[in-house]
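*Asks:* A single structure is presented below for examination.
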């Protein structure tokens, strides 16, 4: 039985730009390191590998995002522009206090809305998908105050 989800990983080409994007979203950089060697390749099934990793932590401290830049072996597939209904496609959803303010900050580091608007779901949420650096798909959700 699982105890918790430790992290979610995303493979990127530009680690510095991606770290800056997630910092702007409010995540904190825990650290960066190189993971390499035959032992690591036995875990992933890739053989001898060299991967630069940046571990980011969410503001609540409960979740982490592992950003990986593969130096070897070379990346063999690119799913960054796949539509959200592609099989196996990953996206992360982040709860935010102020979706408009968050979007403004993320636009400044290259984010783009997937559609042309932020959608209101009943009286519960304002939601949108954005593409961050390298086309990474991110969801944003702002919970609306319940009616009094």
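*Asks:* Based solely on its DSSP helices, what 222 nm [θ] is calculated for the chain when runs of n ≥ 4 H residues each add -39,500 (n - 2.57) and the sum is averaged over all residues, nearest 500 deg cm²/dmol?
*Replies:* Roughly -5000 deg cm²/dmol at 222 nm, from the helical runs in the chain.
*Asks:* Shape call for the stretch 1-48 from the C-alpha gyration tensor, a ≥ b ≥ c root eigenvalues: rounded (a/c under 1.5), prolate (a/b greater than b/c) or oblate?
*Replies:* Oblate, because a/c is 1.5 or more while a/b does not exceed b/c.
*Asks:* Where is the GNM fluctuation largest for the chain (alpha-carbon springs, 10 angstrom cutoff): 37, 132, 88?
*Replies:* The residue that fluctuates most here is 88.
*Asks:* When the Cα centres of the stretch 110-148 and the stretch 1-68 are compared, how far apart do they sit, in Å?
*Replies:* One Cα centre to the other: 24 Å.
*Asks:* Who wins for biggest fluctuation among 70, 121, 129 in a Gaussian network model of the chain, springs between alpha carbons below 10 Å?
*Replies:* The residue that fluctuates most here is 121.
*Asks:* Separate question: For the stretch 29-102, what class follows from the C-alpha gyration tensor (a ≥ b ≥ c being the square roots of its eigenvalues): rounded when a/c is under 1.5, otherwise prolate if a/b is larger than b/c, else oblate?
*Replies:* Verdict is oblate for the stretch 29-102.
*Asks:* What number, in percent, do you get for the relative contact order of the stretch 25-94 if the mean sequence gap of Cα pairs under 8 Å and at least 6 apart is divided by its residue count?
*Replies:* Relative contact order for the stretch 25-94 comes out at 25 percent.
*Asks:* Using a 10 Å cut-off on Cβ atoms, rank the peptides 103-115, 46-58 from the highest mean neighbour count down.
*Replies:* 46-58, 103-115
*Asks:* Pick the calculated mean projected area of the Cα convex hull in nm² for this structure from (i) 11.0; (ii) 11.6; (iii) 9.2?
*Replies:* The value matching this structure is (i).
*Asks:* Taking only C-alpha pairs under 8 Å that are 6+ residues apart, what is the relative contact order of the chain in percent?
*Replies:* Reported relative contact order: 21 percent.
*Asks:* Provide 21, 94 in ascending order of the number of other Cβ atoms located within 10 Å of each residue's Cβ, fewest first.
*Replies:* 94, 21
*Asks:* Defining a contact as two alpha carbons under 8 Å apart and six or more residues distant in sequence, what relative contact order in percent does the stretch 92-143 show?
*Replies:* Value for the stretch 92-143: 45 percent.
Coordinate-derived values only; no laboratory data. Please read all numbers here as calculations on a predicted model, not as lab measurements. Please note: Cβ atoms are built from the backbone with ideal geometry, for glycine as well, and neighbour counts cover all protein chains shown.
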